[in-house]
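Before any comments, here is the structure.
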Amino acid sequence: MDERIVKAYESRPKDWIWQLAIAVIVIGLLIWSLGAMETSGASANGGKMAINILNGIVHPDQELLFNLTKEGVPYLLVETICIAFMGTVVGAIFSVPLAFLSASNLTPKPVAFIGRILIMIIRTVPAFVYGLMFIRVTGPGPFAGLMTMSVTSIGMVSKMYIEAIEDLDTKILESLDAMGCSTWQKILYGILPQLMPNFASTAIYRFDINLRDATVLGLVGAGGIGAPLIFAMNAYRWNEAGSILIGLVVLVLIVEWISTKIRVKLTRG
Amino acid sequence: MSIYDKIFPPKKYTLDNGKAVEQKRSRAPIYVIFVLLMSYISVKVTGFDPATLAKRGNQFFVILSRMFPPEYGYFNNIVNPILDTVKMSLLGSALGSVLCLPFAMLASTNICKNRFVVAVMRLIFSIIRTLPTLVSALIATFIFGLGTIAGTTAIAVFSFSYIGKIMYEEIETVDMGAFEAMEAMGFNRTEAFIHAIVPQVMPAFLSNSLYNFEGNVRYAAVLGYVGAGGIGLILNEQLGWREYPNVGMILLVLFVTVFIIESVSRYARKKLV
């Protein structure tokens, strides 16, 4: 009995050299990155600052939090939701043709490859660069933010759409063919029912992310809750920042909860 | 949704053998109406106007066209910031994904039997995940001063919540048989966890950490905007000075870096799974 165990142990693949090599590389990389850690040295009163920030967040500016005018948190949140919603819709619409072009089971390899590179390029450019470009088109405001959201959504959404399209079950199309369906009927009864739940689920997920990322737009004056938040923080008005942050966190948690429910329902049918 | 079925009664078919079957009416109209309504409100609030897009859309490409050809000579000024960005994301991702493990253990129902602790841990993970990275970076710059440490902290905080959530979900789906067997043999819970659970979740942990690192390189580019170090700093500066050929070069370098890191990490992740 013991002999068999010992034998089994000895016959295990010997990959410790490989593992050691990877460990050395990873630790080496981490040490290498430690070299870049630098700060301008404002950390002397950092502790006091941290206490101030926490204090502000715990004691939010109640007047701002429940103010129903255009400066209040509720309106800013609604505006942010609208930017994220419309941004997701426009982005999802842009993504559909891009995804069909880049799905390797539908288009020839070179075309699909170019499509993928294009999607990667779109994904790489940081949001605030797009923000600046769109402000030239629409002027500052929520419209520019919406367009920025839509372009930054394209990357992830079309990537997920491509995966959905590549996972299409072609047997269904073949059986529809065998039944004598026309192309239009094949799309309606064979392709759309397979893709729709997946597409909708991706769009809802991206809406979640967009809502969370909407603060980035505030940097370039593209509307939403980001600008007031960053102004408040830069001016050390922590109570204001606290009330905006609380509003945002609660909103995102609620939306996330709802969207998870919907997505679970979509995947289970 | 039975009210819906009452208003729009299901369609009845009589089959050849005389049986009647019902097909419930499609719910699609509700969703379509909801989406249209939301779109209408959004368009009103944001001032979305396709006509403006069509008329002034070419303005979008003005900056873009000025970026070409990129100023290749600017490359020497980019090398250090882009390396900083990579280092920030590497260290931040590693810190965050290792630190989250004990908390992920406490947040999974099969390891931690105390339901109150589980609920509190999950709430903490959710709240941290909701906090925009940009905001945590800004807070970090106030505490640690401008520079890469602030960016690294922000990335670590984000990775902590992201990997933490994935890991507690992963830990909950493992096969508990080995864990129970080791406990029965007299190991304590920590030892049993290390020998029975860790090998099962390790591939998923490594794969998700790599994926997280990939994404963070891209994210780190934005952080420079609030002074948290890395490539975003010079990107913001060059945009401010309207040196678009330099901006083009920065974006090109960023793209190539992200491409290399993604290719390597995708290869590694394929090996892992």
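The values are calculated or read from the model by the stated rules, or taken from the named source; none is laboratory data. Since the model is a prediction, treat every value here as computed from it, not as a measurement. Virtual Cβ from ideal backbone geometry, glycine too; neighbours counted across all protein chains shown.
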Report, by residue number, each residue of region A:241-267 that is surrounded by fewer than 17 Cβ atoms within 10 Å (Cβ to Cβ) and β-branched (Val, Ile, Thr). A:246, A:250, A:254, A:258, A:260, A:262, A:264, A:267
Which of the residues spanning region B:50-90 are without any contact (Cβ under 8 Å) to a residue 60 or more places away in the chain, under 30 Å from residue A:94 (Cα atoms) and either aliphatic (A, V, I, L, M) or in contact with a Phe, Trp or Tyr (Cβ under 7 Å, 6 or more places away or on another chain) (or both)? B:51, B:53, B:54, B:60, B:62, B:64
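Hey, can you tell me all the residues within region A:75-104 that are part of a helix (DSSP H, G or I) and either of a type outside the set (A, V, I, L, M, F, W, C) or in contact with an Asp or Glu (Cβ under 6 Å, 6 or more places away or on another chain) (or both)? If you could, list the steps in order and put the result at the bottom.
Taking region A:75-104 as the starting set, the residues that turn out to be part of a helix (DSSP H, G or I) are A:75-102.
Correct list: A:75, A:79, A:80, A:87, A:88, A:91, A:95, A:97, A:102.
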Of the residues in region B:106-154, how many are more than 11 Å from chain A (Cβ to nearest Cβ) and within 18 Å of residue A:234 (Cβ to Cβ)? 1
Out of curiosity, is residue B:65 among the small types (Gly, Ala, Ser), surrounded by 14 or more Cβ atoms within 10 Å (Cβ to Cβ) and modelled with pLDDT of 80 or more? no
Considering only residues that are modelled with pLDDT under 85 and touching a Ser or Thr at 6+ places or on another chain (Cβ under 7 Å), which ones fall in region A:185-211? none
Of all residues in region B:72-85, which are under 12 Å from residue B:252 (Cα atoms) and surrounded by 18 or more Cβ atoms within 10 Å (Cβ to Cβ)? B:74, B:78, B:82
Restrict the check to region A:41-50 and report whether at least one residue is touching a residue at least 60 places away in the same chain (Cβ under 8 Å) and either touching a helix residue (DSSP H, G or I) at 6+ places or on another chain (Cβ under 8 Å) or at the interface with chain B (Cβ under 10 Å from one of its Cβ atoms) (or both). no
